[in-house]
Every structure is written in C-alpha cells, then in structure tokens.
Amino acid sequence: MTGVLDGQVAVITGAGRGLGRAYALAYAREGARVVVNDLDAASAASVVTEIGTLGGEAVASHDTVADPSAAGRIVAAGVDRFGRIDVMITNAGADRRGPALDLAPDDWEFTLGTHLFGSIHCSVEAGRVMRRQGGGGVIVNVCSAAFYVGTATLAPYGVAKGGIYGLMRSLAGELAPFGISVNAVAPPLTATAPALAFVDSLADMGLTAGQVEAMRSSMPQPEDVALITVFLATPEGRRLSGRLLTMSKDELSAIGPPDGGRPVRAAGERWTLEELGAAVASLGVGPRTT
C-alpha cells in the first residue's frame with residue numbers, strides 16, 4: 001500500500017476495536033506499517049488480519065500500557081519488526097464509572113493507570129526511541145472534552161484526560177528540539193460500544209427515550225474522526241505541536257489556550273486530507289516544531 005504515510009511505522013495502543021481500530025486502519029490505508037496493541041489478543045489479531053487484507057503490514061502486541069516495562073515492549077515490537085517507529089498514538093484506556101463519592105480508591109487508580117499512566121509510559125518510551133533514531137517523530141495523545149466539561153459519574157475519566165492534556169503540553173516543549181511533535185486529539189462522543197452504552201445509561205439520569213435516540217443518531221462513526229490522527233503524521237501536520245484538536249465528520253476545532261475559538265466546517269459531507277490541512281491552517285494554531 002502507498003499513501004501519504006508510506007514508509008512510516010505507527011504504534012497504536014488500544015487498537016483492537018472502536019476508535020483505535022479506526023486509527024490503525026486509517027494509517028494502514030495511507031501506507032504506514034502498524035503495531036496493533038490491545039490486551040485482547042483476538043481483537044488485535046483481527047485488526048492485523050484486516051490490515052493484511054488491505055495490502056498493508058501490521059504486527060500485534062498484547063502488552064498492557066499501564067506498566068512501564070510493558071510499554072517498552074510495545075514500542076520494541078515496532079522496532080523489532082519494522083526497524084524503527086515514527087508515530088505513537090496513545091489511545092488505550094479502561095475506566096470505572098459511578099458517583100465520585102461512591103468510588104473506591106482502586107476505581108480511581110485503575111482508570112488513571114490505564115488512561116493517564118498508560119499515556120505517560122508509552123509517550124516516554126516512544127520519545128526515547130525517536131530521539132535516539134533522529135529525524136523526529138510524532139506523538140498523538142488521545143484526550144477528551146470530559147476534562148473541562150465535567151460529567152456526572154465520569155470523574156476519574158475526566159481527571160485522567162486532564163492529566164493527558166498537561167502531559168501533551170509539557171512534552172511538546174521538551175521534545176521540540178528533537179523534531180518530535182506532540183499533540184492531542186479529543187474525539188467527540190463517537191459511536192463505539194462503550195460510548196453507546198454510556199448514552200443509553202443517560203435514560204437513568206432523566207433523559208427521555210427520544211433524547212437518547214437523538215444523541216445516538218448524531219454520533220459520528222469512528223472512521224469519521226480518524227483522519228485528524230493521519231494529518232498529524234503528514235509533513236504539514238508534523239510542524240504542529242502542543243495543540244488539542246477535535247473533529248467530527250464535518251467540523252474541526254482547536255480546544256484550549258491560546259487557540260480555542262470558532263470551529264471550521266468541511267466543505268463537503270466529510271473531510272478530505274487536503275481540506276483538513278487547509279482548515280488547520282485557517283485556525284491559526286501554533287507553536288510549531290520548525
């Protein structure tokens with residue numbers, strides 16, 4: 001396969017299903033070789049098979065992101081199989097939900113361990129390899145609007161995602177001298193199994209059946225929001241660092257200081273990669289790595 005990411009090697013955590021799977025397939029379609037990381041071995045193997053069917057190359061990894069040694073093995077899977085890594089997408093996460101006052105310490109630790117510390121371990125391990133390789137690299141941390149919106153029963157998740165935003169901002173400055181860009185993406189509420197289950201649960205919090213169905217029908221599909229992660233690994237996207245972007249099927253926004261503002265909409269029903277690049281430029285976001 002050939003495309004705008006031809007020759008690049010991407011490590012994508014939590015890539016066995018949902019958004020992670022969509023990221024992995026989007027990268028493969030653009031020519032990248034992919035490390036498909038997921039604790040569920042069958043799911044990871046399935047995505048590797050899908051990529052092979054597309055004509056791409058991929059290898060499965062089943063290590064946990066929550067342990068620093070295991071995170072090192074995830075990165076090493078890409079180096080051992082493909083000789084290097086160019087992109088790390090920290091998508092993996094698992095959480096426990098409920099009223100904050102009723103959660104046990106272990107519930108908080110479990111959620112922070114997978115989402116936040118998993119992102120820390122994988123970003124740091126990937127950054128070390130990219131620095132040693134030379135030639136730069138790309139780190140994309142998957143964040144969420146939950147950290148600044150605040151949602152009932154999702155306190156640990158929101159705290160973890162707030163930490164990921166802080167991680168991204170700090171690493172962007174530290175790694176810029178090595179040509180490594182670090183950005184975050186905050187997918188909107190997307191039609192994945194956990195998100196659909198969460199929306200259904202809102203009926204227990206007072207939403208009507210009609211309101212729940214309206215939310216479900218308006219949710220974008222995972223493939224609708226995967227393109228922004230591809231853009232960040234293109235030559236144009238690599239120049240951007242330290243920013244949190246969110247996009248849906250037809251809308252792009254920068255979140256947080258100093259760039260948060262009015263969104264840009266796609267000209268057509270869905271984004272193209274070229275259109276997305278022009279939209280990012282129109283947002284006036286910065287700073288850049290070069």
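Round to the nearest 0.05 the FRET efficiency obtained for Leu202 and Leu54 when R0 = 30 Å and r is the Cβ-Cβ distance.
Once rounded, the FRET efficiency stands at 0.25.
For the range 178-248, with the dipole built from +1 on Lys and Arg beta-carbon atoms and -1 on Asp and Glu ones, taken about the Cα centre, which of Gly206, Leu240, Pro222 lies farthest toward the positive end?
Leu240
Enumerate by residue number the GluC sites (Glu not before Pro) in the range 190-282 meeting two conditions: DSSP loop (anything except H, G, I, E, B), and at most 14 other Cβ atoms within 10 Å of the site's Cβ.
Glu269
If you work out Cα extents along the principal axes in Å from the coordinates, which of (i) 75, 55, 52; (ii) 57, 46, 33; (iii) 53, 42, 39 do you get?
(iii)
Run the dipole for the range 1-61 about the Cα centre, Lys and Arg Cβ at +1, Asp and Glu Cβ at -1, nothing else charged, and hand back the magnitude in debye, nearest 20. Intermediate values should be presented prior to the final figure.
Values: 4 positive and 6 negative charges, 15 e Å.
With Lys and Arg at +1 and Asp and Glu at -1, about 80 debye.
Taking the Cα centroid of the range 22-99 and of the range 125-166, what is the distance between the two, rounded to the nearest whole Å?
Distance between centres, Cα-based: 16 Å.
For the chain, what is the charge dipole size about the Cα centre, in debye to the nearest 20, if Lys and Arg each add +1 at the Cβ and Asp and Glu each add -1 at the Cβ?
So the dipole magnitude of the chain works out to roughly 780 debye.
Efficiency by 1/(1 + (r/R0)^6): what FRET value for Val79 and Leu273, r their Cβ-Cβ distance, R0 = 35 Å, to the nearest 0.05? Numbers along the way, then the final one.
Numbers: r = 27 Å, r/R0 = 0.78.
Working from the Cβ atoms, E equals 0.80.
Take every DSSP beta bridge with both residues inside the chain and express the antiparallel ones as a percent of the total, to the nearest 5.
Antiparallel bridges: around 25 percent, rounded to the nearest 5.
List the DSSP H helices in the chain whose Cα atoms stretch 27 Å or more along the helix axis and whose mean Kyte-Doolittle hydropathy is at least 1.6. Don't jump to the answer; show the numbers that get you there.
Numbers: long enough: 155-175 (30 Å, 0.40).
Result, helices passing both filters: zero.
Quick one: net charge around Gln133, please, counting Lys, Arg +1 and Asp, Glu -1 for every other residue with C-beta under 11 Å from its C-beta.
+3
Within the set of other residues whose C-beta is less than 11 Å from the C-beta of Gly72, count the net charge using Lys and Arg as +1 and Asp and Glu as -1.
With Lys, Arg at +1 and Asp, Glu at -1, the net is -1.
Work out, step by step, the length gained on full extension between Tyr148 and Phe178: first 0.36 nm times the residue separation, then minus their alpha carbon distance; give nm to one decimal.
So the chain would gain 7.8 nm between Tyr148 and Phe178.
Would you work out which of Val48, Gly16, Ala186 lies farthest towards the positive end of the dipole of the chain, given +1 charges on the beta-carbon of Lys and Arg and -1 on that of Asp and Glu, about the Cα centre?
Ala186
For the range 61-191, with the dipole built from +1 on Lys and Arg beta-carbon atoms and -1 on Asp and Glu ones, taken about the Cα centre, which of Gly137, Val124, Gly150 lies farthest toward the positive end?
Gly137
If R₀ is 22 angstrom, what is the calculated FRET efficiency for the pair Glu251 and Gln211, using the beta carbon separation as r and rounding to 0.05?
0.55
About the Cα centre, and with charges only on the beta carbon of Lys, Arg (+1) and Asp, Glu (-1), how big is the dipole of the range 16-164? Nearest 20 debye, please. The partial results should precede the final answer.
Details: 13 positive and 15 negative charges, 99 e Å.
Dipole of the range 16-164, to the nearest 20 debye: 480 debye.
A short reminder: the numbers here are calculations on the coordinates, not readings from a lab. All values reported here derive from a predicted model rather than from experimental measurement. Here Cβ is always computed from backbone atoms with ideal geometry, including for glycine, and neighbour counts include all displayed protein chains.
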